[in-house]
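A quick write-up on the structure given underneath.
The values are calculated or read from the model by the stated rules, or taken from the named source; none is laboratory data. Everything quoted here is computed from the prediction, not taken from an experiment. Neighbour counts are summed over all protein chains in view; Cβ atoms, including those assigned to glycine, are modelled from backbone coordinates with ideal geometry. Note: accessible area is taken over every heavy atom of the protein model, side chains too, but ligands, DNA and RNA are not part of it. Shrake-Rupley method; radii C 1.70, N 1.55, O 1.52, S 1.80 Å.
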Amino acid sequence: MKELLLIGIGSALVNNVVLSQFMGLCPFLGVSKKIDTALGMGGAVIFVLTLSSLVTSLIYQFILIPSNMEYLQTIVFILVIAALVQFVEMFLKKTMPALYQSLGVYLPLITTNCAVLGVALVNVQKSYNVIQGTVNGLATAIGFTISITLMAGIREKIEYNDIPKSFQGFPIVLLTAGLMAIAFFGFSGLI
């Protein structure tokens with residue numbers, strides 16, 4: 001249990017996928033304009049990342065390794081992730097059309113989000129079992145949701161500030177992301 005807690009804290013805060021490893025920046029920068037949209041993207045990423053970690057771990061350990069086809073891991077992982085994202089997209093389109101519209105093109109981009117594939121590959125690289133891999137995926141997704149929600153909250157507040165013309169728009173967002181990355185670096189002493 002202690003090991004799972006360390007994996008969870010390490011993945012969510014210490015090695016935050018966005019602010020420490022700089023993966024998944026496209027949705028992080030694109031969807032973090034409003035807190036509601038950021039939380040919706042965070043929920044979709046939590047679902048996809050957790051489920052893809054579970055499914056890819058099962059496929060890798062019980063199909064690819066016994067059949068000596070580990071070299072197919074990247075292709076198989078991408079197919080699993082794409083199928084899960086399609087499921088999330090159909091679900092949101094049916095049940096929450098407003099959120100589906102606000103996420104726009106960024107929802108299908110979860111398929112090519114390097115953070116989702118990166119977690120599946122890290123699970124293999126670190127030889128995590130199915131439970132450890134699933135906890136790693138869930139904690140990474142929670143870390144993503146924390147960082148994108150914080151960024152959205154900051155961006156909502158920045159919108160009403162008097163910012164010099166040369167910093168307005170994307171430059172202030174990148175500066176804010178850099179400062180957030182420095183702040184998250186403070187968690188590195190936890191583990």
Region 21-34 residues that are in contact (Cβ under 8 Å) with a residue 40 or more places away in the chain, paired with ones that are of a type in the set (Val, Ile, Thr) (beta carbon under 6 Å, 6 or more apart)
Met23/Val17; Gly24/Val17; Gly24/Val18; Phe28/Val18; Phe28/Ile148; Val31/Thr37; Ser32/Ile148
Is there a residue being among the acidic types (Asp, Glu) and within 24 Å of Ile7 (Cβ to Cβ) anywhere in region 72-90?
no
Restrict the check to region 35-44 and report whether at least one residue is open to solvent by 60 Å² or more (accessible area, probe 1.4 Å), in a helix (DSSP H, G or I), in contact (Cβ under 8 Å) with a residue 12 or more places away in the chain and over 28 Å from Glu3 (Cβ atoms).
yes
Tell me, yes or no, whether region 97-115 has at least one residue that is closer than 30 Å to Ser188 by Cβ and in contact with a Ser or Thr (Cβ under 8 Å, 6 or more places away or on another chain).
yes
